[in-house]
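Undergrad: The structure's right below; bear with me while I get my questions together.
Nothing in this text is a laboratory measurement; each read-out follows from the coordinates by a stated rule. Keep in mind it's a predicted model, so treat the numbers as computed, not measured. Positions of Cβ are generated from backbone atoms using ideal geometry, with glycine treated the same way; all protein chains shown enter the neighbour counts.
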Amino acid sequence: MAKRIEVKDLDIYYDKFLAVQGVSMTIQPRAVTALIGPSGCGKSTFLRTLNRMHELVPNARVEGQVVMDDQDLYASGVDPVKVRSQIGMVFQRPNPFPTMSISDNVAAGLKLNNKRMKRSELDDVVEQSLRAANLWAEVKDRLGKPGSGLSGGQQQRLCIARAIAVQPEVLLMDEPCSALDPISTQAIEDLMLQLKENYTIVIVTHNMQQAARVSDSTGFFNLRGVGQPGELVEIDETTKIFSTPSKKATEDYISGRFG
Ligand SMILES: Nc1ncnc2c1ncn2[C@@H]1O[C@H](COP(=O)(O)OP(=O)(O)OP(=O)(O)O)[C@@H](O)[C@H]1O
């Protein structure tokens with residue numbers, strides 16, 4: 001299931017504004033890659049290019065390549081909707097469909113993908129996905145109740161279950177814990193460590209301790225200068241980035257000298 005992603009010289013635009021320039025990196029399968037850096041340097045923008053969500057903004061576009069295994073996701077003829085179903089996304093604020101039941105929330109992606117399934121098959125996928133998201137024990141007796149009745153941390157795990165249900169290759173997470181309390185955060189971090197056995201995970205986080213705890217590789221983004229685009233300064237094993245980074249800007253950032 002997990003796939004490797006090669007990003008090659010990617011420039012990312014909002015209309016004429018070049019937000020991020022010249023990103024090249026390899027994202028390893030069955031591993032967690034964390035993206036860190038100061039506000040506005042383009043981490044979320046970059047993350048959204050990995051599943052072609054960036055282009056949902058009018059006039060937003062990219063130049064360069066994002067290659068998953070052997071396929072350039074931006075090649076002509078590639079269906080962005082299919083890309084988004086292969087590369088799931090979890091957002092900062094848990095966003096279950098509020099009036100839908102817990103069970104229907106998990107099944108929503110499958111229905112959107114027009115997968116025809118028998119009720120019993122659907123129930124199996126719902127259970128497997130909730131188990132994989134470490135939520136099954138807490139909700140198994142109230143699957144028909146609305147998703148909005150869950151705590152914030154449970155809602156975020158519900159969103160992860162919804163993302164997993166369509167069996168994606170990759171999971172993108174944009175600050176998935178920033179709206180959560182420490183106990184829910186720990187539940188999501190534990191979950192990431194389990195999920196990486198099967199998925200390629202990329203997480204944007206402002207919390208450097210979190211990056212250090214959960215990720216195998218860390219990429220540091222920064223603005224090239226005032227009024228300049230963001231760029232990837234370096235990416236390396238997380239232990240290296242947090243102990244002996246190659247670039248001074250990385251060292252200054254992780255030691256709290258700026259950002
Ligand atoms: N929809 C948009 N339209 C135009 N410009 C945008 C849009 N979204 C983001 N930008 C710009 O792109 C640049 C990168 O923003 P982005 O949100 O990706 O940064 P970030 O590193 O994720 O920031 P933060 O850590 O604060 O979330 C910023 O200059 C931002 O103003």
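Undergrad: Go ahead and estimate [θ] at 222 nm for the chain from helices alone: -39,500 (n - 2.57) per DSSP H run with n ≥ 4, summed, over the residue count, rounded to 500.
TA: Working: 10 runs with 91 residues, N = 259.
So the calculated ellipticity at 222 nm is -10000 deg cm²/dmol.
Undergrad: Show which lysines lie in cross-link reach of residue 240 when reach means a straight Cα distance below 16 angstrom and same-chain residues fewer than eight apart are skipped.
TA: Partners within reach: 248.
Undergrad: Sticking with this structure for a sec: In whole Hz, what ³J(HN,Hα) sequence does the range 190-200 give by Karplus (6.51, -1.76, 1.60; θ = phi - 60°), x for Gly and Pro?
TA: Values per residue, Gly and Pro as x: 4, 5, 4, 5, 6, 5, 5, 5, 10, 10, 8 Hz.
Undergrad: So, one more: Over the chain, with a Gaussian network built from C-alpha contacts below 10 Å, which listed residue (137, 179, 212) shows the highest mean-square fluctuation?
TA: Checking each option, the largest mean-square fluctuation is seen for 137.
Undergrad: Let me test this: with uniform point scatterers at the alpha carbons of the range 92-159, what is the Debye-based log₁₀ I(q)/I(0) at q = 0.15, 0.29 1/Å?
TA: Rounded to two decimals, the profile gives -0.42, -1.44.
Undergrad: Going by C-beta contacts inside 10 Å, put 18, 223 in order with the fewest on the left.
TA: On the way: 18 16, 223 19.
Sorted ascending by nearby Cβ count, the order is 18, 223.
Undergrad: Something else now. May I ask you to evaluate 6.51 cos²θ - 1.76 cosθ + 1.60, the Karplus curve with θ = phi - 60°, for each residue of the range 211-228 and list the ³J(HN,Hα) values in order in whole Hz, giving x for glycine and proline?
TA: 4, 5, 6, 9, 9, 8, 10, 10, x, 9, 9, 8, 6, 5, x, 5, x, 9
Undergrad: How far apart, in nm, are the 7 Å Cα→Cβ label points at residue 246 and residue 78?
TA: 2.5 nm
Undergrad: Using Cβ counts within 10 Å as a stand-in for footprinting exposure, how do 26, 33, 244, 218 rank, fewest first? Can you show the working numbers first?
TA: Values: 26 13, 33 22, 244 10, 218 27.
Fewest-to-most Cβ neighbours within 10 Å comes out as 244, 26, 33, 218.
Undergrad: Which order do 220, 242 fall in if you start with the one that has the fewest other Cβ atoms within 10 Å?
TA: Values: 220 28, 242 20.
Ascending Cβ contact count within 10 Å gives the list 242, 220.
Undergrad: What are the ³J(HN,Hα) values, in whole Hz, obtained from phi via the Karplus relation 6.51 cos²θ - 1.76 cosθ + 1.60 with θ = phi - 60°, for each residue of the range 121-133 in sequence order, with x given for Gly and Pro?
TA: Taking θ as phi minus 60°, the curve returns 5, 4, 4, 5, 5, 4, 5, 4, 5, 5, 5, 5, 8 Hz for the range 121-133.
Undergrad: Could you pull out every residue, at least 5 positions away or on a different chain, whose amide H is within less than 5 Å of the one on residue 233? Hs are placed 1.01 Å off N in the peptide plane, and Pro or chain starts have none.
TA: The answer is 220, 221, 222.
Undergrad: For the chain, what is Rg from Cα atoms divided by 2.2 N^0.38 Å, rounded to two decimals? Write out the running numbers ahead of the final one.
TA: Numbers: Rg = 18.4 Å, N = 259, 2.2 N^0.38 = 18.2 Å.
Compared with the compact-globule rule of thumb, the chain sits at 1.01.
Undergrad: Taking the Cα centre of the chain as origin, sum charge times position over the Cβ atoms of Lys and Arg (+1) and Asp and Glu (-1), and report the length of that vector in debye to the nearest 20. Kindly include the intermediate steps, with their values, before the conclusion.
TA: Details: 30 positive and 31 negative charges, 116 e Å.
It works out to roughly 560 debye.
Undergrad: Name the residues whose placed amide hydrogens come within less than 5 Å of the amide hydrogen of residue 173, ignoring near sequence neighbours (fewer than 5 apart) on the same chain.
TA: Hits under the 5 Å cutoff: 90, 202, 203, 204.
Undergrad: Quick check: from the Cα gyration tensor, does the range 219-259 come out rounded (a/c under 1.5), prolate or oblate?
TA: On the way: a/c = 2.83, a/b = 1.59, b/c = 1.78.
Because a/c hits 1.5 or more and a/b fails to exceed b/c, the range 219-259 counts as oblate.
Undergrad: Turning to a different aspect of this structure: Across 5 Å bins from 0, what is the distribution of all Cα-Cα pair distances for the range 1-80, in whole percents?
TA: The distribution over the range 1-80 is 3, 15, 25, 28, 19, 8, 2, 0, given as percents.
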